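This report refers to the structure that appears directly beneath it.
The values are calculated or read from the model by the stated rules, or taken from the named source; none is laboratory data. Model, not experiment: these values are computed from the prediction. Quick reminder, even Gly has a Cβ in these numbers, built from the backbone with ideal geometry, and neighbours come from all protein chains shown.
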């Protein structure tokens, strides 16, 4: 069994917000288009809303009414020079699939350390326990130093 509400209710609103556009300044609606600099340049004396700062970080701080610019906070775009770059900016769908096995720790050892060990063995620069007589800087690192170096940001970017 369902009940239908047959009572007619009438509400009376005394809020000034119900009077339309006369009090529209009570609800600030900021324009989302354009940068903050563009909005400041188009300042209209009849349009006194403050510039919208949502999503934009300040590039300095205020001391009283004076703004202090911090150069380190200004965003900088680093774009590489692609003048003589041979590759195209897309990959063709006709490119053959590359099937490659998983890169394991043994593969990494064979690429990084095996040539040095083989060279030292051929030249007789190994001690009786197998350690090198002239270790490279990577071989001198302790376990903790090697872990810290590998965890650094950008540790894998410029390796050979």
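Just a few scattered comments:
- If you filter the stretch 137-148 down to residues that are touching a helix residue (DSSP H, G or I) at 6+ places or on another chain (Cβ under 9 Å) and modelled with pLDDT of 80 or more, you find that the one that is surrounded by the fewest Cβ atoms within 10 Å (Cβ to Cβ) is 146.
- Failed condition for residue 113, given (1) modelled with pLDDT of 90 or more; (2) surrounded by 10 or more Cβ atoms within 10 Å (Cβ to Cβ); (3) within 23 Å of residue 150 (Cα to Cα): (1)
- Within this structure, residue 92 fails the test of being surrounded by fewer than 10 Cβ atoms within 10 Å (Cβ to Cβ), touching a helix residue (DSSP H, G or I) at 6+ places or on another chain (Cβ under 9 Å) and free of Cβ contacts under 8 Å to residues at least 12 places away in the same chain.
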